[in-house]
């Protein structure tokens, strides 16, 4: 029982770490000095997500060895996420009927945050349906511990419906280099989370069947 609890706790810590890491990537430019902190942070990832953690550390080590990493990463972020011709990491742009900022998905995620008692301090920096904010919110739900249903709902109704495409677009964008490498890991993480929630569904169904048998 203790080993099972320890494994479950580590799983949640790993998930929080990865959601937080990808949230940080979308939040602002990565600088050379950030890479060492990223590597140390990801070193704790183990178990089911160990391969993703190792792949991310390998990418970070490769970039840390580049003399011009700071300039390239900062310039790339600006070209991808700020200037025209890049990738617009907003759910409204990917899923909204008019593909404009602050569309229907933005209203939906705002409502979810509000239901969980959360309000953005600086929505002008990144609105509620920005990739960095949605990923950070998932980390928050996991840290709460007892919000598995909310995690699954937010993942399936929001994150998984557009962020995999963002990672695909980053892989294909000619302006991407640092993010092209990271996007592969991002996609793998998205798929592993999908598998995790499917497993949780199966376990819940099995437990329900067992309770029904016990009552018979």
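FYI, it's all coordinate maths here, none of it is from the lab. Everything quoted here is computed from the prediction, not taken from an experiment. Quick reminder, even Gly has a Cβ in these numbers, built from the backbone with ideal geometry, and neighbours come from all protein chains shown.
Out of every Cα-Cα pair that the chain contains, those further apart than 24 angstrom amount to 46 percent. Ranked by the mean number of other Cβ atoms within 10 Å of their residues, highest first, the peptides 155-163, 118-126, 13-21 come out as 13-21, 155-163, 118-126.
If you count, for each residue, the other Cβ atoms within 10 Å and average over each peptide, how do 98-105, 48-55 line up from highest to lowest?
With the highest mean Cβ count within 10 Å placed first, the list reads 48-55, 98-105.
Axis angle, to the nearest 10 degrees, between helix 50-64 and the longest C-alpha principal axis of the chain: 10 degrees. For the chain, the longest principal axis of the C-alpha atoms and the axis of helix 131-144 are separated by about 30°. Once the Cα atoms of helix 163-172 and of the chain are each reduced to a long axis, what angle between those two axes, in degrees from 0 to 90 to the nearest 10, is obtained? Once rounded, one gets 30 degrees.
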